[in-house]
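The values are calculated or read from the model by the stated rules, or taken from the named source; none is laboratory data. If you're wondering where the values come from, they're calculated on a predicted model, not measured in any experiment. Note: ideal-geometry Cβ built from the backbone for every residue, glycine included; neighbour counts use all protein chains shown. Only protein heavy atoms, including side chains, enter the accessible area calculation; ligands, DNA and RNA are left aside. Shrake-Rupley method; radii C 1.70, N 1.55, O 1.52, S 1.80 Å.
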Amino acid sequence: MRPVLPSLVLLLVVGCGSCGEELRVEGAHPYVRCLHVEPEEREWEAGSISFAVEDRTLQITGEIASVIAFALTPGADLAELPEAPLRLVIGGFARDEGSATELLTALAEAGPTLLLPGGEDDTGVLDDVLSELDSPALVDLRGIHRVRFGGHEWVPVPGAPEGRYALGENGCGFSAADLEKVELADPEGPRHLLTWAAPAGAGPLSQGLEGVAVGSELLADLADRVDAKGGLFAWPRRELAAEHRPSDGVVHVFVPIWGRIVEGPDGSWSNGGVAALELEDGALHLAR
């Protein structure tokens, strides 16, 4: 891995390239404990949005009545990406250095973007490309335990449960012990999970191939403990945004993949989409 550039201080967190072997977990499904990367406490601006990090909390201020959320495929064309004051990208942006450079460059040009690594993303690749681009618009959520914007709170958890479903040993992951260290004060506004993997109990949307339930019990326990009212998830994959409302005030939103993906058994292709989210009335709403 190339040395970390001094200008990396302009990024939200110091990436896993400099966090040491203590964050690596070996075993049948090796992973990196990205929840415990140490974020830098600071303030900065990107466009009309202001950011501040303190005590593992990211406060975002500006006119943010809506956001778009999605995952990515390598080679995705971001030129037609819908405009929004803020983007949430949940995985798929750091599989390899070539595609990561193209995707993150385009996202930086699009405007303020929150990056939550998923099971497909390589932490070493992400460190390298973020340091090269040195863009204040790209906000790495590794190590952040609470995000506030638009009157809502979000609890980000990067990566795959216990490294399962991840593509390599450099992917983010988490265990029950990692999640137990997430300590949050009472929420200021409705609180939601922001995770790559769906929690158990997210309804039929959390079922994988042939109806197999793939939701994480670990994330379901976290949601109960922090009083999260649903959240945003990207695994299992979806071609189109979908939501499930099991009860009043609880909304599970599955974000789709933006980029060319196989849609049908005949090999037909789809360009995917984004989840356009409205943040009014104290709950999540997919824009219709």
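So the check is Cβ under 6 Å with 6+ separation or different chains; which pairs have a first residue in the stretch 133-148 that's touching a residue at least 24 places away in the same chain (Cβ under 8 Å) and part of a strand (DSSP E or B) and a second one that's aromatic (Phe, Trp, Tyr) and open to solvent by less than 10 Å² (accessible area, probe 1.4 Å)?
Sorted first by the residue in the stretch 133-148, then by its partner, the pairs are VAL147/TRP154.
Working only within the stretch 183-200, note down all residues that are among the aliphatic types (A, V, I, L, M) and surrounded by fewer than 18 Cβ atoms within 10 Å (Cβ to Cβ).
LEU184, ALA185, ALA200
Considering only residues that are within 13 Å of the chain's Cα centre (by Cα) and either of a type in the set (A, V, I, L, M, F, W, C) or over 27 Å from GLY62 (Cα atoms) (or both), which ones fall in the stretch 127-144?
LEU138, VAL139, LEU141, ILE144
In the stretch 149-174, how many residues are among the aliphatic types (A, V, I, L, M), within 25 Å of GLU102 (Cα to Cα) and outside any loop (DSSP other than H, G, I, E, B)?
2
What is the one condition in (1) out of contact with any strand residue (DSSP E or B) (no Cβ under 7 Å at 6 or more places or on another chain); (2) open to solvent by 40 Å² or more (accessible area, probe 1.4 Å) that TYR165 does not satisfy?
(1)
With respect to GLU120, is the statement that it is surrounded by 18 or more Cβ atoms within 10 Å (Cβ to Cβ), acidic (Asp, Glu) and not in a helix (DSSP H, G or I) true?
In short, yes.
Right, THR113: open to solvent by 10 Å² or more (accessible area, probe 1.4 Å), on the phi < 0 side of the Ramachandran plot and not acidic (Asp, Glu) or not?
No, not satisfied.
Consider GLU54 carefully, then state whether it is charged (D, E, K, R), at pLDDT 90 or above, more than 16 Å from the chain's Cα centre (by Cα) and farther than 17 Å from LEU138 by Cα.
It is true that GLU54 is charged (D, E, K, R), at pLDDT 90 or above, more than 16 Å from the chain's Cα centre (by Cα) and farther than 17 Å from LEU138 by Cα.
Which residue is surrounded by the fewest Cβ atoms within 10 Å (Cβ to Cβ), if the candidates are limited to the stretch 29-60 and must be among the hydrophobic types (A, V, I, L, M, F, W, C) and over 12 Å from ARG148 (Cβ atoms)?
The extreme case among them is TRP44.
Within the stretch 248-271, restricting attention to residues that are farther than 19 Å from PRO156 by Cα and modelled with pLDDT of 80 or more, which residue is surrounded by the fewest Cβ atoms within 10 Å (Cβ to Cβ)?
GLY249
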